[in-house]
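Have a look at the structure below, then the notes.
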Amino acid sequence: MKDKFRHFNLLLAIAIMFISGCASQDNSEQANVLSGFPEPLQNDAFAQRFQETTPQKTTVVESAIELSQNYAKLVEEATYLKQQNQSLTSRNQELKEQAKDIQNKLLQTQTELKQANEVLVEMRLELNNWKSDVLGYREEMRSAQTAQLQALMKILRALGGEPMLETARSNGIGQAVAANRN
């Protein structure tokens, strides 16, 4: 790592020397180069974009130190970003697994809901059939109950009892008593 860092500093120093030599050219050459551009692009702000931001009076050693400090900061930032990327990647994987589990549970729940709906439809059909059967036999059940009441009245008379007609009517069996007397 130290060897790479030394090579990097050496390359930086060479690059800085080269750039400082190029920067010492006249502004007249710069004016000639900019003369081909449209007038709004020839202003100083546009030209300043492409010039060094550090002052020309710094030495090569100072520039190398500054660049090595910037490099160290960038290495730290890159390391931090790699760690963040790894943590986000692992979190993403966890979320994908959770989403897969939730998707499986959703499919299972939908299947169970579909089966429950089918059972409810079958039960409703059976209930409607039962209701129609019960309501269909209602008249038959009334007839059977009337026959039972008439039989009970005959048994009561045979035992020597006489039912009162008003009591029978108030109890709802007046029709059976009247039919029995006839």
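The values are calculated or read from the model by the stated rules, or taken from the named source; none is laboratory data. Not measured: the values here are computed from a predicted model. Ideal geometry is used to build each Cβ from the backbone, glycine not excepted, and the neighbour counts take in all protein chains shown. Protein only, heavy atoms only, side chains kept; ligands, DNA and RNA dropped before computing areas. Shrake-Rupley method; radii C 1.70, N 1.55, O 1.52, S 1.80 Å.
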> Going through region 1-30 one residue at a time, which ones are loosely packed, with under 10 Cβ neighbours inside 10 Å, of a type outside the set (K, R) and at pLDDT 70 or above?
Replying inline: D3
> Between a first residue in region 70-81 that is under 14 Å from N9 (Cβ atoms) and a second residue that is surrounded by 10 or more Cβ atoms within 10 Å (Cβ to Cβ), which pairs have beta carbons less than 7 Å apart while being 6 or more apart in sequence or on different chains?
Replying inline: Y71/F8
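Assess whether L156 counts as being open to solvent by less than 100 Å² (accessible area, probe 1.4 Å) and either at pLDDT 85 or above or acidic (D, E) (or both).
Yes, satisfied.
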>> Among the residues of region 159-182, what is the count of those that are modelled with pLDDT of 75 or more and open to solvent by less than 70 Å² (accessible area, probe 1.4 Å)?
In response: 2
> Using beta carbons and a limit of 6 Å, which pairs, at least six apart or on different chains, have the first residue in region 140-152 and farther than 23 Å from E162 by Cα and the second one of a type in the set (F, W, Y) and assigned to a helix (DSSP H, G or I)?
Replying inline: none
>> Anything in region 62-80 that is of a type in the set (A, V, I, L, M), under 15 Å from I16 (Cα atoms) and either open to solvent by 70 Å² or more (accessible area, probe 1.4 Å) or outside any helix (DSSP H, G or I) (or both)? List them, or say none.
In response: I65
